[in-house]
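In what follows, a structure is listed as structure tokens, so that the remarks can point back to it.
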Amino acid sequence: METKIKILNAAKKEFIEKGFGNASMRHIAKEVGITATALYRHYENKEDIFDAIVCPAVRAWNSFCVTENTRQCDMARSSGLEEMWNDISQTRMIVDMVYADYDENKLLFFGSEGTKYADFLHELVTRVQDCTLRFMDELKDKGIKVNDVDEKEMHLLLSAQYSAMLEMLKHDYSYEDALHNADTVSMFFREGWRKYLGF
């Protein structure tokens, strides 16, 4: 287990410095103090190592998509739409989640070209969009007026919002600055979303 931890730490450094494509299994092995052959006994290839590194961040995002959708929808159902719109905790939750696995998220979103995670942001936004559209259908069924939205346009706007949050990670904002800017992003997009979605 100790060797695997050393491998992941060395690989994380290698991926951050060189990117996935230019990272070298041989160099990772050398940093750990083992042979390349020994490294391959632990991990079959670079993809397996990358997957092991970003796994905590991926799990956190997957959980966030499920629990946050439930939390917001339940809030709207129990306390009303106004209470949901006034809730500004989501962007702060994202900051906490991202900064808890800082390097892993940085690799996931900015160093995953050439891996199965290259489109992770697009897939994340699609999941958020699908949840929002389902909730809008629920509101329509209850007789609440909502706007008809173009799904491509909606995807563009969601991508802009999540990209704005991730810019703080890309440019190494301090945690305190990230929290401050998360509130600004929340305020900016909240008003736009209310007008765009119509409820």
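Only the coordinates and a few stated rules stand behind these numbers; no lab work does. Note that the coordinates shown come from a computational prediction; the quantities given were computed from them, not determined experimentally. No Cβ is skipped: glycine too gets one built from the backbone with ideal geometry, and neighbour counts run over all protein chains shown.
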message: Net charge within 9 Å of residue 58 by Cβ-Cβ distance, Lys/Arg positive one each and Asp/Glu negative one each, not counting residue 58 itself?
response: -1
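In the stretch 1-44, how does Rg compare with the Kirkwood Rh, expressed as the Rg/Rh ratio over alpha carbon atoms? Before the final figure, lay out the partial values.
On the way: Rg = 9.5 Å, Rh = 10.2 Å.
Rg/Rh: 0.93.
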statement: Filtered hits (lysines, Cα-Cα < 18 Å from residue 106, offset >= 8 within chain) -> 12, 13, 18, 46, 116, 170
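Exposure proxy check: 172, 183 ranked by fewest other beta carbons within 10 Å? All intermediate terms of the calculation are to be shown ahead of the outcome.
Details: 172 10, 183 13.
By the 10 Å Cβ count, ascending, the order reads 172, 183.
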- prompt: Hey, what do the phi angles of the stretch 71-86 turn into as Karplus ³J(HN,Hα) couplings, whole Hz, using 6.51/-1.76/1.60 and θ = phi - 60°, x for Gly and Pro?
  reply: 4, 5, 5, 5, 4, 5, 5, 8, 10, x, 5, 4, 5, 5, 5, 7
- request: Give the cross-link partners of residue 142 among the aspartates and glutamates, using a straight C-alpha distance below 17 Å as the criterion and excluding same-chain residues fewer than 8 apart.
  value: 74, 82
task: Answer with one residue from 76, 128, 98: the one whose Cα lies farthest towards the positive end of the charge dipole of the stretch 53-197, charges on Cβ with Lys, Arg +1 and Asp, Glu -1.
output: 76
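Summing -39500 (n - 2.57) over the DSSP H runs of n ≥ 4 in the chain and dividing by its residue number, what mean residue ellipticity at 222 nm do you reach, to the nearest 500 deg cm²/dmol?
Details: 10 runs with 162 residues, N = 199.
When only DSSP H runs of four or more count, the value is -27000 deg cm²/dmol.
Starting from 0.36 nm per residue, how many nanometres of slack lie between residue 172 and residue 160 once their C-alpha separation is accounted for? Don't jump to the answer; show the numbers that get you there.
On the way: separation 12, 0.36 × 12 = 4.32 nm, distance 1.87 nm.
Working it through step by step, the gained length comes to 2.4 nm.
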field: Alpha-carbon centroid distance for the pair the stretch 1-74 / the stretch 141-155, whole angstrom
entry: 39
Per-pair calculated FRET efficiency, R0 = 22 Å: residue 89 and residue 180 via Cβ, rounded to 0.05: 0.90
- line: Residue by residue through the stretch 35-43, the couplings from Karplus 6.51 cos²θ - 1.76 cosθ + 1.60 with θ = phi - 60°, in Hz, x for Gly and Pro, are 7, 4, 4, 5, 4, 5, 6, 8, 9
